[in-house]
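Inspection log for the structure reproduced underneath, given as structure tokens.
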Amino acid sequence: MRTQTPLRCDARAPIPARAGIGVKPIHYRELLSSKPALAFIEVHPENYMGAGGPPHAYLEEIAKHYPLSLHGVGLSLGGDEPLNRDHLARWRALVDRYQPALVSEHVAWSRFGEVALHDLLPIPYTAESLHIVCDHIDQMQNALGRTILVENPSTYVTLSQSDIPEPDFLVEAANRTGCGLLLDINNVYVSAGNHGFDARKWLSRVPGGPVGEIHLAGHSLIRDGAFQIRIDDHGSRVCAEVWELYRETVARIGARPTLIEWDSDVPELAVLCDEAKRADDTAAAAVELRDAAAA
């Protein structure tokens, strides 16, 4: 039987169900001087695990004006090795320091021994791996004293051992651990294109209850003759198909805090804010149409 320490935050509704952006150092000064109307700011905790310096000076100032989301990329929740204690301790120090509104990690593996692979690699969706992931989620939540959200990664290969559909795997992990889900719609679309499944059917298997946040991003399409693959590079605007999936998802489950991710070929702050506004407008229109239909 799992035992958990009391968690200090319900991560499913801590901030307005509106859009935020992932901030990069090139945006620090403009963000603080212009203070655009954003619901929250997200950063990767791995970039702030030093004790001080300019990153913390800027983030402390940003935190005075916006709720923060800490979105991890290196804890390896899906790996079959114990979670790295030093990494967890650094995570806890950041949570205590900034009291973020949202805390999240990926259902993927990214570490082998002492080697950090700097990638989010797929795991087999099996009963055994579900047990491991749930134990790791429990360990992270207990170490941080917080409810976390876990995200579906984009994938480029399928593993023959998998016998549980990915959305069912994620929902069951949330049911067993009490964590929430970070639903990355672009990742679903990328994986659907790479593996040939229906993104709408995938999304329909996820109930709204555990979803605490949504991610949107751009991706690239590589073609070589008849071969093509979608790459989740976060280097462009959200494509029309992902916007439509977002609209349909909000119409089904309601609006959620929504992040615009942009991690390569990072544009000016105004471009990120424009994408965030489009997310707000799309969600508001979806909710309005749903409510009108139900009236």
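Nothing in this text is a laboratory measurement; each read-out follows from the coordinates by a stated rule. Remember, it's a predicted structure, so these values are computed and weren't measured experimentally. As a convention, Cβ positions derive from the backbone with ideal geometry for all residues, glycine included, and neighbour counts pool all protein chains shown.
List every residue whose amide H lies under 5 Å from the amide H of Val73, counting only residues 5 or more places away in sequence or on a different chain, with H placed 1.01 Å from N in the peptide plane.
Amide H neighbours of Val73, under 5 Å, 5+ apart: Glu46.
Give me the number: length gained by fully extending Gln228 to Glu241, i.e. 0.36 nm times residue separation minus the C-alpha to C-alpha distance, one decimal in nm.
Difference between extended and current length: 3.0 nm.
Suppose we keep just the alpha-carbon trace of segment 81-140; what are its Rg and Dmax in angstrom?
Computed over the Cα atoms of segment 81-140, radius of gyration and Dmax are 12.7, 37 Å.
Quick check: Cα centre of segment 114-164 to Cα centre of segment 31-103, how many Å?
That distance is 20 Å.
What stretch of the chain, leaving out the sites themselves, is the longest with no chymotrypsin sites (Phe, Trp or Tyr not before Pro) in a DSSP loop having at most 15 other Cβ atoms within 10 Å?
Result, exposed sites excluded: 1-155.
I'd like the Karplus ³J(HN,Hα) series for segment 256-267: coefficients 6.51, -1.76, 1.60, θ = phi - 60°, whole numbers in Hz, and an x wherever there's a Gly or Pro.
Working through the residues one at a time gives 9, x, 10, 9, 8, 8, 8, 10, 10, 6, 5, x Hz.
Using DSSP to call loops (not H, G, I, E or B), can you name the GluC sites (Glu not before Pro) in segment 186-295 whose Cβ has at most 16 other Cβ atoms within 10 angstrom?
Here the sparse-neighbourhood loop sites are Glu268.
Which residues make up the longest stretch of the chain clear of trypsin sites (Lys or Arg not before Pro) that lie in a DSSP loop with no more than 13 other Cβ atoms within 10 Å, not counting the sites?
The segment 65-204 is the longest one with no such site.
Could you give the nm distance between label points at Arg205 and Ala57, where each point is 7 Å from its Cα heading toward the beta carbon?
Reported label-point gap for Arg205 and Ala57 is 5.0 nm.
Under the Karplus relation 6.51 cos²θ - 1.76 cosθ + 1.60, θ = phi - 60°, what is the ordered set of whole-Hz ³J(HN,Hα) values for segment 282-293, x standing for Gly and Pro?
Once θ is set to phi - 60°, the couplings for segment 282-293 become 5, 5, 4, 5, 5, 5, 4, 5, 4, 5, 5, 5 Hz.
Expressed as a rounded percentage, what relative contact order does segment 19-294 have, with Cα pairs under 8 Å and six or more residues apart?
About 17 percent, as a whole number.
Using a Gaussian network model of the chain whose springs link C-alpha atoms within less than 10 Å, name the residue from Ala226, Ala63, Ala101 with the highest mean-square fluctuation.
Per the Cα network of the chain with a 10 Å cutoff, Ala226 tops the list.
Given the rule -39500 (n - 2.57) for each run of at least 4 DSSP H residues, summed and divided by the residues of the chain, what is its mean residue ellipticity at 222 nm, to the nearest 500 deg cm²/dmol?
Mean residue ellipticity, 222 nm, calculated: -12500 deg cm²/dmol.
Quick query: amide H of Arg18 versus all other amide H atoms, modeled in the peptide plane; which residues come in under 5 Å with a sequence gap of 5 or more or a different chain?
Thr258
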